[in-house]
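A short worksheet on the structure shown next.
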């Protein structure tokens, strides 16, 4: 499956541009960021996303030991329906330890964002459609508030790479409000949108955006909803190269940590992070300058006040390393490569924390099979990686994870072959 560069969310082939969703909300101001002076052509639809699904899926993985099956995971449960599939799942734990998951699936009319809940991970509610039932709707993210309200963002694309990011809120009573456009319609692309709770009733929104055309570069931007009003977009990445894979997550104190990577398509990209507080973000910090290149940075936050980072690193287009490090902005500890000593490809890591216990999951493709991997850190280093599931076919993609009040870690991910994956769920219980 080739990744449409506009959205960075495991998308497939584009479709004709649909009509705007019903109940369209206000459209945000123009995207920040201008093309870099003298920048070489090749951005936008002329290139593939640097993670993408490139040659490594058609190239035998490197030999080496395979992780053993672990004992911490419950049996994998398929969440999606097995017919239209499921892609790019995200999960949150809400009040009463209820699980809330979003993903998108394939319909004849287009790709549709779905929302489901579960009290135990085994039985899931009937899927609710969050996005319109036409066009291509990709890359959902979800936040669940303590009062039971749910926030969802997703990207809506046309056939010519035009795309917008939308925001919807679901009341505690289960009623969806009209969607609100966070990026403009017209000759623009936006994608990789992520949202986070940012204290009070604030929302932090991070994404990439650009004008249509290969002469323009994707710029990482942020917006902040404060007192019910969205701020203007603020550009944070280098305008002379492309930005990819934005992410933002909420710390326990209501501040947020955001990240992205920068570089040319198919290159080893540079990881950046930025803190968000009180409606604004700090200057970007180059994480790769004190560690390694990579992409898709994710975060977790432990009770002792430490921030945790993870990202993966492709060498000459092949995903070989999964890094984790802890500390605070400007004062990070040593980076550990959790893939070290194992064969296969290692990619798409995701972190979560329960108290001072940290769990990391990521995708692994070995010589004959691929499965989800996991490792725990209880403050004395990372456990040896173990397999979390034994689905036995296809490869895992883009896991998401959240911890409950009892210290369990709930994981969703997509697994299958290019163009046809389903969403699976497992619960990881630290020994």
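The values are calculated or read from the model by the stated rules, or taken from the named source; none is laboratory data. Note that the structure is a prediction, hence the values are computed from the model and not measured. Please note: Cβ atoms are built from the backbone with ideal geometry, for glycine as well, and neighbour counts cover all protein chains shown.
Residue 151: crowded, with 24+ Cβ neighbours inside 10 Å and touching a strand residue (DSSP E or B) at 6+ places or on another chain (Cβ under 9 Å), yes or no?
Numbers: crowded, with 24+ Cβ neighbours inside 10 Å: no; touching a strand residue (DSSP E or B) at 6+ places or on another chain (Cβ under 9 Å): yes.
Spelling it out, it is not the case that residue 151 is crowded, with 24+ Cβ neighbours inside 10 Å and touching a strand residue (DSSP E or B) at 6+ places or on another chain (Cβ under 9 Å).
Being on the phi > 0 side of the Ramachandran plot and either in contact with a strand residue (DSSP E or B) (Cβ under 9 Å, 6 or more places away or on another chain) or modelled with pLDDT under 95 (or both) is not true of residue 158.
All told, residue 279 falls short of being within 30 Å of residue 201 (Cα to Cα), free of Cβ contacts under 8 Å to residues at least 40 places away in the same chain and surrounded by fewer than 19 Cβ atoms within 10 Å (Cβ to Cβ).
Within the range 48-92, the set of residues being part of a loop (DSSP other than H, G, I, E, B), modelled with pLDDT under 75 and surrounded by fewer than 17 Cβ atoms within 10 Å (Cβ to Cβ) comprises just one member, 48.
Given the options 183, 165, name the one that is crowded, with 23+ Cβ neighbours inside 10 Å and over 22 Å from residue 91 (Cβ atoms). Lay out the reasoning, then the answer.
Details: 165 fails: over 22 Å from residue 91 (Cβ atoms).
That would be 183, the only listed residue that is crowded, with 23+ Cβ neighbours inside 10 Å and over 22 Å from residue 91 (Cβ atoms).
Of the strands (runs of 3 or more DSSP E) contained entirely in the range 324-431, those carrying at least 1 residues that are touching a helix residue (DSSP H, G or I) at 6+ places or on another chain (Cβ under 7 Å) and under 23 Å from residue 295 (Cβ atoms) fall at 345-354. Would you confirm whether or not the range 243-258 contains a residue that is surrounded by 21 or more Cβ atoms within 10 Å (Cβ to Cβ), in a loop (DSSP other than H, G, I, E, B) and touching a residue at least 24 places away in the same chain (Cβ under 8 Å)? No, the range 243-258 contains no residue that is surrounded by 21 or more Cβ atoms within 10 Å (Cβ to Cβ), in a loop (DSSP other than H, G, I, E, B) and touching a residue at least 24 places away in the same chain (Cβ under 8 Å).
Can we say residue 142 is in contact (Cβ under 8 Å) with a residue 12 or more places away in the chain and within 25 Å of residue 247 (Cα to Cα)? Talk me through it step by step, then tell me what you get.
Values: in contact (Cβ under 8 Å) with a residue 12 or more places away in the chain: yes; within 25 Å of residue 247 (Cα to Cα): yes.
Judged against the criteria, residue 142 is a match.
Using the structure shown, decide if residue 306 is under 19 Å from residue 398 (Cα atoms) and surrounded by 16 or more Cβ atoms within 10 Å (Cβ to Cβ). Here the answer is no, as residue 306 does not meet what is asked. When residue 393 is tested against (1) touching a strand residue (DSSP E or B) at 6+ places or on another chain (Cβ under 6 Å); (2) in contact (Cβ under 8 Å) with a residue 24 or more places away in the chain; (3) closer than 22 Å to residue 69 by Cα, exactly one condition is not met: (1). Being over 14 Å from the mean Cα position of the chain (by Cα) and closer than 11 Å to residue 353 by Cα is the filter; apply it to the range 288-303 and report the residue that is surrounded by the most Cβ atoms within 10 Å (Cβ to Cβ). Among those residues, the one meeting the criterion is 301.
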